[in-house]
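A quick write-up on the structure given underneath.
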Amino acid sequence: MPDTDLLLQSARILHIVAGALSLLAGGVALIARKGGAPHRRAGVVFLAAMITIALTAIVLATLRPNDFLFFLGLFSCYLALWGRVALARKRLPPRTPAPLAHSVPTALFGLTVLYFVVRAIDGALVFQIFVALALLLVIAHLRHLRRGGEYRVHWLLDHMTGFSTAYIASLTAFLVVNAPNYLPNQPLVALLVWLGPTLLGVPILRRAAARLTAPERARAAADARP
């Protein structure tokens, strides 16, 4: 139908534009001085782009079903929202439960993940891996919100990991869509395209998190000495 084709084309264009914008704005936010105006503005643009990606993914998945990319769009948006909501916990002392409202996005995404668990049973291995990771992450996030962060910089740690992993997911989607045009069509290559950004990004993120919490861990170790 002409109207359906127009909607599909419009959603696809908006999805592509939002994806490109997320990569640009996210890159600026990652390299800009943290807390400065460029960092904050880029973060706002990045979050808006991720929400747009998720909304257009819903439209695209309804018209042309693709469970994996649909899931990845929602996953990316959730991670960005997690990073944004973390800023509201800035004045929350360590080991203090977060307000109940902070659990709403995680609970809603968790219900979505349960739907994809069923969809992934007969899906590709990479799809199953990502859905399993999302399920484990939802459980970890709900426990984290109930118990409170361990460090004084818990809010900053959550903000950094949320936005960084959202960027990794967005980059993954970009590579999955575009890499087949330039790389050999082989299973190992496809697996590296899907998992490469995660395998490269997560160790970098872990080192950054370790640096962020190092002063508090050093003080705790010094206080524990007899």
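Look at LEU145 and say whether it is touching a residue at least 12 places away in the same chain (Cβ under 8 Å), aliphatic (A, V, I, L, M), out of contact with any strand residue (DSSP E or B) (no Cβ under 6 Å at 6 or more places or on another chain) and assigned to a loop (DSSP other than H, G, I, E, B). It is false that LEU145 is touching a residue at least 12 places away in the same chain (Cβ under 8 Å), aliphatic (A, V, I, L, M), out of contact with any strand residue (DSSP E or B) (no Cβ under 6 Å at 6 or more places or on another chain) and assigned to a loop (DSSP other than H, G, I, E, B). For the subset of segment 161-198 comprising residues that are among the β-branched types (Val, Ile, Thr) and buried (at least 17 other Cβ atoms within 10 Å of the Cβ), which member is farthest from ILE51 (Cα to Cα)? That would be VAL193. Take LEU157 and tell me if it is assigned to a loop (DSSP other than H, G, I, E, B) and either surrounded by 14 or more Cβ atoms within 10 Å (Cβ to Cβ) or of a type outside the set (Val, Ile, Thr) (or both). Taking the combined requirement at face value, the residue does not satisfy it.
How about segment 201-225: which of its residues are closer than 26 Å to GLY27 by Cβ, among the aliphatic types (A, V, I, L, M), over 18 Å from the mean Cα position of the chain (by Cα) and surrounded by 11 or more Cβ atoms within 10 Å (Cβ to Cβ)? The one that is closer than 26 Å to GLY27 by Cβ, among the aliphatic types (A, V, I, L, M), over 18 Å from the mean Cα position of the chain (by Cα) and surrounded by 11 or more Cβ atoms within 10 Å (Cβ to Cβ): LEU212. Got at least one residue in segment 83-106 being in contact (Cβ under 8 Å) with a residue 12 or more places away in the chain, surrounded by 13 or more Cβ atoms within 10 Å (Cβ to Cβ), among the aliphatic types (A, V, I, L, M) and not in a helix (DSSP H, G or I)? Within segment 83-106, one or more residues are in contact (Cβ under 8 Å) with a residue 12 or more places away in the chain, surrounded by 13 or more Cβ atoms within 10 Å (Cβ to Cβ), among the aliphatic types (A, V, I, L, M) and not in a helix (DSSP H, G or I).
Within segment 142-158, restricting attention to residues that are under 21 Å from the mean Cα position of the chain (by Cα) and within 11 Å of PRO97 (Cα to Cα), the residue that is modelled with the lowest pLDDT is GLY149. Of the residues LEU47, LEU7, LEU30, LEU63, the single one that is surrounded by fewer than 20 Cβ atoms within 10 Å (Cβ to Cβ), closer than 20 Å to ALA173 by Cα and in contact with a Leu (Cβ under 8 Å, 6 or more places away or on another chain) is LEU63. How about segment 39-65: which of its residues are modelled with pLDDT under 90 and either within 14 Å of the chain's Cα centre (by Cα) or of a type in the set (D, E, K, R) (or both)? ARG64, the sole residue that qualifies.
The values are calculated or read from the model by the stated rules, or taken from the named source; none is laboratory data. The model shown is predicted, which means the values in this text are computed figures rather than measured ones. Every residue, glycine as well, gets a Cβ built from its backbone with ideal geometry; the counts of neighbours run over all protein chains shown.
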